[in-house]
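One structure is given below, encoded as structure tokens.
The values are calculated or read from the model by the stated rules, or taken from the named source; none is laboratory data. If you're wondering where the values come from, they're calculated on a predicted model, not measured in any experiment. When we count neighbours, we look across all protein chains shown, and the Cβ atoms used for this are built from the backbone with ideal geometry, even at glycine. The area values use the complete protein model at the heavy-atom level, side chains included, leaving out ligands, DNA and RNA. Shrake-Rupley method; radii C 1.70, N 1.55, O 1.52, S 1.80 Å.
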Amino acid sequence: MSKVISIQEAAALIPDGASVMFGGFMANGSAEKIIDALVAKNVKDLTIICNDSGFIDRGVGKLIVNKQCKKLIATHIGLNKETGRQMTAGELEVDLVPQGTLIEQIRAAGYGLGGVLTRTGMGTLIAEGKQTVDVDGVTYLLEKPIRADFAVLCGSVVDKNGNMVYKGSTNNFNNVMATAAETVIVEATELVDIGEINPNHVVTPGIFVDYIVEGASQDI
């Protein structure tokens, strides 16, 4: 069965109230066409997990500006002033997580681990209410795995089986998020036939990918 679907079909898969991981950093490596389709669909009450909240007019920031999110789990929000405004006004729940911790929590979910131990955040508000573990006389925070219903990712070159190659820094969070969601939807900047990608160049294997959208050639 083909994994390739339309952008509209991809957006239709994500219901109100879903938790969604979005790859990318400052919108670089984000699935812009799928995000636009979610804005057009006006899906509501999303919990989104991403490195940052993008910009007002790029990346996941569009979802925040359109008030489609009830919760954001991210490492920083400084690039999008609307995120800060909604957080201050109590319109959006924001959980800020140190960047290294967030990526490790996602990796832990993908690798079947019970969590990660870190010193980052000890003695700060981040540690409040969290379990600690002593190892050889050193106290660590136990940060639990983070999974999502969906991961919406972007690959520079993707074959029709879902094998993914990234150009430059576009890998940002995409690869690890592919392992930690129930359903993985990939926007392919360039979609090629199976066999056209050198197996040695594959970063994210197609076994993790459920659906593929040919982003460059489709309009919303």
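Applying the criterion of being surrounded by fewer than 24 Cβ atoms within 10 Å (Cβ to Cβ) and out of contact with any Ser or Thr (no Cβ under 8 Å at 6 or more places or on another chain) to the residues of segment 173-183, the residue that is nearest to Gly29 (Cα to Cα) is Val176.
Please tell me if Asp52 is open to solvent by less than 30 Å² (accessible area, probe 1.4 Å) and of a type in the set (D, E, K, R). Step through it out loud before you land on a result.
Numbers: open to solvent by less than 30 Å² (accessible area, probe 1.4 Å): yes; of a type in the set (D, E, K, R): yes.
Considered against the rule, which asks whether it is open to solvent by less than 30 Å² (accessible area, probe 1.4 Å) and of a type in the set (D, E, K, R), Asp52 comes out as yes.
From the list Thr75, Thr47, the lone residue that is touching a Pro at 6+ places or on another chain (Cβ under 8 Å) and either farther than 20 Å from Tyr211 by Cα or surrounded by fewer than 22 Cβ atoms within 10 Å (Cβ to Cβ) (or both) is Thr75.
Scanning segment 184-212 for residues that are part of a strand (DSSP E or B), within 23 Å of Ile103 (Cβ to Cβ) and open to solvent by 30 Å² or more (accessible area, probe 1.4 Å) turns up just one, Thr189.
Of all residues in segment 107-117, those satisfying the criterion of being open to solvent by 20 Å² or more (accessible area, probe 1.4 Å) and part of a helix (DSSP H, G or I) are Arg107, Gly110.
Scanning segment 78-97 for residues that are open to solvent by 30 Å² or more (accessible area, probe 1.4 Å) and of a type in the set (Ser, Thr, Tyr) yields one hit, Thr88. Do you know which of the residues in segment 118-151 that are in a helix (DSSP H, G or I) and not β-branched (Val, Ile, Thr) is most open to solvent (accessible area, probe 1.4 Å)? Residue satisfying both the conditions and the ranking: Leu125. Taking the criterion of being in a loop (DSSP other than H, G, I, E, B), open to solvent by 10 Å² or more (accessible area, probe 1.4 Å) and either closer than 17 Å to Asp95 by Cβ or among the small types (Gly, Ala, Ser) (or both), the only residue of segment 16-28 that qualifies is Gly17.
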